[in-house]
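The values are calculated or read from the model by the stated rules, or taken from the named source; none is laboratory data. Here the structure is a predicted model, which is why all the values come from computation and not from measurement. Here the Cβ positions follow ideal geometry from the backbone for every residue, glycine too, while neighbour counts run over all protein chains shown. Ligands, DNA and RNA are excluded from the accessible area calculation, which covers all protein heavy atoms including side chains. Shrake-Rupley method; radii C 1.70, N 1.55, O 1.52, S 1.80 Å.
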Amino acid sequence: MTPAEFLHLWHKAVLSKDAALLSSIIAEGCELHSPVVWKPTSDKAYLIHILQGVIDTIDDFAYREEWVKENGIILEFTGTVAGKGLVGIDKITLGEDGRMIRIEVLIRPMNTYIEFATRMREHALAFKKEIA
């Protein structure tokens, strides 16, 4: 799968909140580096749970910019949490087969991040109590 094909499927999965489609483009062992938890995880089921939580937690979630260089993708997103605006970046690395092998998420500003992190911690704890 090419980066363009990955992006087409990624945007479709995020827009439709389709966990099965997300799973199909994420490699087993994909690393999640999240601002919400201190330790990266490579549990695919947990990663999908977290991604769905992000989509559900951020209102008016939308991607506004994307940059692609070889197997690296940066997606800039916007949205609101509790009426507060936020901007974030998904830094994605694709493997040789075109599926995601690493995602690092960055979010600002701090006041919105704190509200987001509080909500996401509860979402994370619903999956794995020892993670958050």
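Could you give the accessible area per residue of the chain, probe 1.4 Å, as a whole number in Å²? Each step should come with its number before you reach the end.
On the way: 7050 Å² over 132 residues.
Computed with neighbouring chains in place, this is 53 Å² per residue.
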inquiry  = I need to check one value: relative contact order of the chain, counting alpha carbon pairs closer than 8 Å and at least 6 residues apart, in percent.
reply    = 25 percent
task = Please find, in a Gaussian network model of the chain (springs between Cα atoms separated by less than 10 Å), the residue of M100, M110, M120 whose mean-square fluctuation is greatest.
result = M110
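Within 10 Å of each candidate Cβ there may be at most 15 other Cβ atoms; applying that plus a DSSP loop requirement, which GluC sites (Glu not before Pro) in the stretch 79-126 survive?
For GluC sites (Glu not before Pro) across the stretch 79-126 that sit outside H, G, I, E and B with at most 15 neighbouring Cβ atoms in 10 Å, the list reads E96.
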remark   = For the chain, the accessible surface attributable to carbon and sulfur atoms (probe 1.4 angstrom, ligands and nucleic acids excluded) amounts in percent to 54 percent
query = Using a basic spin-label model with each label point 7 Å from the Cα along Cα→Cβ, how many nm lie between D60 and K91?
reply = 2.8 nm
task = Filter the DSSP H helices in the chain by two things, a Kyte-Doolittle mean of at least 0.0 and an axial alpha-carbon span of 15 angstrom or more, and list the hits by number.
result = 3-16, 44-57
Difference of contour (0.36 nm per residue) and Cα-Cα distance, L106 to K12 = 31.7 nm
ask   = With each pseudo-label sitting 7 Å past Cα toward Cβ, what's the A20-T2 distance in nm, one decimal?
value = 2.7 nm
ask   = Using only helices, what value at 222 nm comes out for the chain when you add -39,500 (n - 2.57) per DSSP H run of length 4 or more and divide by the total residues, to the nearest 500 deg cm²/dmol?
value = -12500 deg cm²/dmol
message = Given points 7 Å out from each Cα along the Cα-Cβ axis, report the A82 to E31 separation in nanometres with one decimal.
response = 3.2 nm
ask   = Lysine pairs in the chain with alpha-carbon atoms under 29 Å apart, 8 or more places apart or on different chains: how many are there?
value = 27
